[in-house]
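Data block below; observations after.
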Amino acid sequence: YLEDSLNKCDASIDLWWNSYENMQGGVASYNIFMSENGGAFKFLSNVPSFETSYRHFGIKKDSVYCYFVQAVGNFPTETSSSNKVCTTADVLIFPLFTYLKTATVQAHNEIYVEAYVDTLADVLYYKLQRSLNPAYGFGTVQTQPFGAQETISFVDKNVSTNESSYYYRVVPVSTCNKDMDTSNIGRTILLQGTSNENLTNTIYWNAYEDWSGKVLKYNIYRYANGTWSTAPIATVPSTTLKFVDDIQQFYQGDGYFCYIIEGIEASGNIYGFSEESKSNEMCVIQEPVLWIPNAFTPDGKNPTFHPYSLFTLADSYYMGIFNRWGQLIYETHDINSGWDGTYQNQPATQGIYAYVIRVKGTNGREIEKRGTVTLLK
């Protein structure tokens with residue numbers, strides 16, 4: 001006698017029956033036959049004689065499945081068939097796709113994740129999962145209930161976008177409260193960099209992962225002198241993950257530079273999307289620089305003793321000039337002023353004078369220079 005039971009949550013049908021008794025030579029095995037939607041019965045599987053149950057996986061929603069079981073004796077000509085049972089497969093609809101479109105930094109310590117989902121599936125809610133290293137697994141950071149929208153989005157604020165790159169995936173959970181699928185993984189771009197002594201900044205970043213269309217290129221944007229570039233200052237191919245920026249044109253600026261990398265998806269996405277992903281905003285500060293002449297000629301082409309500086313704070317400037325007896329004969333807090341070689345409105349004598357110069361860089365570091373300058377006539 002054959003019985004059956006539908007497992008809605010894992011799309012299967014359980015079959016079980018009693019053992020056939022007193023077959024001459026004994027039962028060798030059981031054959032299971034199945035008919036779908038009124039079609040002819042076809043062989044489905046065979047189980048040994050000590051098995052009296054079977055689970056049929058992979059059934060289709062709303063199809064009608066009928067079964068019977070046949071006991072086969074050790075003498076193959078001896079068989080005995082069970083009754084027939086039929087079940088309509090009212091099972092869950094599993095997603096045909098769950099695709100993570102992009103993971104991008106949208107603000108300081110804030111990452112935006114967007115996914116394309118199958119609205120016809122029997123989904124109860126979606127889990128956003130995050131990892132620093134997929135080899136060590138993912139943890140759920142947010143959930144979102146199922147809706148009618150084909151695109152869902154999350155904003156993850158529990159991150160440090162200037163310190164780490166993050167991996168994300170989206171997992172739909174069925175109305176049976178079981179995971180149904182797992183999306184592709186999206187990895188954010190972490191931008192880092194350093195300032196160099198030769199008036200350049202070096203920036204570097206990790207590749208974005210993992211668009212269906214792969215990465216086409218990276219656009220580089222720069223902040224300098226209080227303004228972001230409206231267009232990329234440079235565009236590099238997907239294989240380039242480092243850039244050296246020549247900032248000599250900003251030598252009169254404050255030395256404060258910021259950068260953002262924008263990854264652009266290539267064509268060929270299987271769903272027709274063309275996405276972008278932005279990195280964190282990374283800033284570097286150029287070291288302050290002082291150039292100090294060692295001589296000047298009040299009546300010549302170099303009439304004042306005036307240091308030249310880059311990337312310094314004007315309101316922190318001080319310069320004092322001393323004669324050989326240590327007497328202060330000139331001082332100023334004006335970074336644009338220099339000593340014209342006079343003392344008490346009279347020309348100072350030719351000779352060697354000491355100076356002390358102090359100024360803070362835009363990076364907060366104070367520079368103090370002490371030395372001598374020769375007044376020539």
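The values are calculated or read from the model by the stated rules, or taken from the named source; none is laboratory data. This one's a predicted model, so the numbers in the text were calculated from it and none came from an experiment. Counting neighbours? That spans all protein chains shown, and the Cβs are built from the backbone with ideal geometry, glycine included. Remember, those area values only see protein heavy atoms, side chains included, never the ligands or the DNA or RNA. Shrake-Rupley method; radii C 1.70, N 1.55, O 1.52, S 1.80 Å.
Worth a mention:
- In range of the label at ASP340: residues from segment 289-305 whose backbone nitrogen is under 17 Å from the point 7 Å along Cα→Cβ: 296-305
- Put the Cα centre of segment 282-307 next to the Cα centre of segment 145-217 and the gap is 47 Å.
- Largest mean-square fluctuation among THR140, THR104, THR297, in a Gaussian network model of the chain whose springs join Cα atoms under 10 Å apart, belongs to THR297.
- For segment 201-207, backbone phi angles converted through the Karplus equation (6.51, -1.76, 1.60; θ = phi - 60°) give residue-by-residue couplings of 10, 10, 10, 8, 7, 8, 6 Hz, Gly and Pro being listed as x.
- Here r is the Cβ-Cβ distance between TYR204 and GLU368 and R0 is 35 Å; the resulting FRET efficiency, rounded to 0.05, is 0.55.
- Cα centroid separation, segment 73-124 to segment 231-248 (Å): 44 Å
- Among the listed options [x] -0.24, -1.19; [y] -0.22, -1.08; [z] -0.50, -1.02, the one matching log10 I(q)/I(0) by the Debye sum over Cα atoms at q = 0.06, 0.13 Å⁻¹ as calculated from these coordinates is [z].
- Over segment 84-150, the hull volume per residue, using the convex hull of the C-alpha atoms, is 143 Å³.
- Cα→Cβ-extended label distance, 7 Å offset, between GLU197 and SER12, nm: 6.9 nm
- Accessible surface for segment 278-367, divided over its residues, is 55 Å² per residue with a 1.4 Å probe.
- A full extension of the chain between THR230 and VAL155 corresponds to an added length of 24.4 nm, given 0.36 nm per residue minus the alpha carbon distance.
- What the phi angles of segment 309-326 give under the Karplus curve with 6.51, -1.76 and 1.60, with θ = phi - 60°, is a coupling list of 10, 10, 6, 10, 9, 4, 6, 9, 7, 8, 9, x, 10, 10, 7, 5, 9, x Hz, glycine and proline written as x.
- Net charge of neighbours whose Cβ lies under 11 Å from the Cβ of GLN142, counting Lys and Arg as +1 and Asp and Glu as -1: +2
- Placing a label point 7 Å from the Cα of ASP62 along the Cα-to-Cβ direction, no residue of segment 9-23 has a backbone N closer than 11 Å.
- Listed values for segment 258-272 are Karplus-derived 3J(HN,Hα) couplings in whole Hz (6.51 cos²θ - 1.76 cosθ + 1.60, θ = phi - 60°), namely 10, 9, 9, 9, 10, x, 10, 6, 7, 6, x, 4, 5, 9, x, and x replaces Gly and Pro.
- Placed amide H near THR52: partners under 5 Å, 5+ positions off or other chain: none
- GNM top mover of ARG365, ARG169, ARG222 - the chain, alpha-carbon springs below 10 Å: ARG365
- Multiplying the residue separation of PHE273 and SER45 by 0.36 nm and subtracting their alpha-carbon distance yields 77.8 nm.
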